[in-house]
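Okay, structure first, notes after.
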Amino acid sequence: MEPAAEEEVAAEDLVLEPVELLTEPADGVPGVVTTDAGLDETIDRLAAGTGPVAVDAERAHGFRYSQRAYLIQLRRAGAGTVLIDPIAFGGTVDLSRLGAAIADAEWVIHAASQDLACLYEVGLVPRTLFDTELAGRLLGYPRVALGTLIEEHFGVRLLKEHSAADWSSRPLPQEWLNYAALDVELLIELRDKLAAELEQTGKMEWARQEFAALVQGAGVAPEPRPDPWRRTSGMHKVRSRRGLAYVAALWRARDEIAARLDRAPGKILGDAAITELAVSPSPDRAAMRRISLFARRQARRFESTWMDAIEAANRLTESQLPAMHISSDGPPQARLWAAKDPEAAQRLARVREALNARSAELNLPIENLLTPEHVRRLAWRPPTPVTEEEVDAALAALGARPWQRELTVGLITAQLMSPAEP
């Protein structure tokens, strides 16, 4: 039989297994813990359990200004699944007793960088963790969403229709609680599958270093961005320093309101309204009222605040106006390198090519092999002299993990030392 015919027969004989929709936890949806007595019982149950603890949190991103947890889900062998409503315990809830009860266990979290801050805020701080999303990235999975990995490994699909819900609303609907419980239903089993793959591929040490870095960074606030108002959507339309001053003043006014009300800034006033008023020939009350977003009920409540912001920007002298661009200690955008420094552009191209080849060889996303910003900084201003020791020291100072440096220092050094093309 011809090879092509063999392939055709194989394709016809292939039967895809149906994917089961997992609609509810095997043990049902537990009641939500909302009292001190319930919390005490929950702590005892989890402390008596064995093995890792699956942990998840639901926030109200896009609805609230804060990033606090509005529901916390945990699951452990021998304890089952528990759902805790931190809001029921008041504005300064402290779950550190719960954290202490499971401190010696490995915490299994999907996309830990998203949840660690809100967990830390209520006193839940892991000593060790396993991040299933990051493990998936290190293993080269093209898609690492929790539902995708669960389907890949267990042939079941999770209900995910409430992922963007407003978890700050109360009471929480039963179907939302069902969804939340499902998020930890198979998390420990997924951890075991991925851990076995990490061991088989020789990548477990990489994962340990990455997980340890996440634990070390828990509770550490990120460096604030300079002039965060410059990230307002539509900024490309603002072509004057006075216009920038309007954006800055309106953005800060909105941010203060949003923080005070604990509402997402976009729920108070959309970015488009800010930039549209900033580019208006005469940004006054009449111009504001012609912009539809300012006419919405929430924004209209604060009309006097918006006008105060505009007037404050008008009072700035020329020397007080924000600069059109802010200086940075980092390299310029890579697309500008060829004009600014052709040799640096060539270095960056060589280094990227070498790293791309290594990442393909390792079945690893290049951004996990080495942070792109680290690559740009080294290529823009290489250490002097260019030696493996100096490159390694530079990467260590930037925060690269030992496993990343072991895999990349030699490659990068060789490319930085290569002579520029004529």
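Read the figures in this text as sums done on the coordinates, not as results from a lab. Because the structure is predicted, anything quoted here is derived from the model rather than measured. Positions of Cβ are backbone-derived with ideal geometry, glycine not excepted, and every protein chain shown enters the neighbour counts.
Please give the peptides 284-293, 51-60, 378-387 ranked by average Cβ packing (other Cβ atoms within 10 Å per residue), highest first, as a rough proxy for protection.
For the peptides 284-293, 51-60, 378-387, the packing ranking is 51-60, 378-387, 284-293.
For the range 246-362, what does the alpha-carbon gyration tensor say about shape, rounded, prolate or oblate, given a ≥ b ≥ c as the root eigenvalues, a/c under 1.5 as rounded, and a/b over b/c as prolate?
It is prolate, given that a/c is not under 1.5 and a/b is the larger ratio.
Any idea how far apart residue 145 and residue 261 come out in nm if each label point goes 7 Å out from Cα toward Cβ?
3.1
Taking H placed 1.01 Å from N in the peptide plane, check which residues at least 5 places from residue 59 or on another chain put their amide H under 5 Å from its amide H.
70
Which order do the peptides 236-244, 393-401, 316-324, 410-418 take when ranked by the mean count of other beta-carbon atoms within 10 Å per residue, highest first?
Highest-to-lowest ranking by the protection proxy: 410-418, 393-401, 236-244, 316-324.
Rounded, prolate or oblate: which one fits the range 340-412, using the alpha carbon gyration tensor with axes a ≥ b ≥ c (rounded when a/c is under 1.5, else prolate when a/b beats b/c, else oblate)?
Oblate, because a/c is 1.5 or more while a/b does not exceed b/c.
Give, in nm to one decimal, the length gained when the segment between residue 292 and residue 414 is fully stretched (0.36 nm per residue of separation minus the Cα-Cα distance).
That pair, residue 292 and residue 414, stretches by 38.2 nm at full extension.
Return the percentage of antiparallel bridges among DSSP beta bridges fully within the chain, rounded to the nearest 5 %.
50
Taking square-rooted eigenvalues a ≥ b ≥ c of the alpha carbon gyration tensor, is the chain rounded, prolate or oblate, where a/c under 1.5 means rounded and, failing that, a/b exceeding b/c means prolate?
It is oblate, given that a/c is not under 1.5 and a/b is not larger than b/c.
Give me, ordered by chain and number, the residues 5 or more places off residue 128 or on other chains with an amide H under 5 Å from its own placed amide H.
Close amide H contacts, sequence-distant or interchain: 107.
Expressed in nm to one decimal, what extension gain is obtained for the pair residue 97 and residue 406 from 0.36 nm per residue of sequence separation less their Cα-Cα distance?
Net length gain for the segment: 107.2 nm.
Between residue 387 and residue 327, with labels modelled 7 Å along Cα→Cβ, what's the label distance in nm to one decimal, could you check?
Roughly 3.2 nm, to one decimal.
Tell me which of 198, 272, 22 sits at the most positive position along the dipole axis of the chain, charges placed on C-beta atoms (Lys, Arg +1; Asp, Glu -1).
Among 198, 272, 22, the one farthest towards the positive end of the dipole of the chain is 272.
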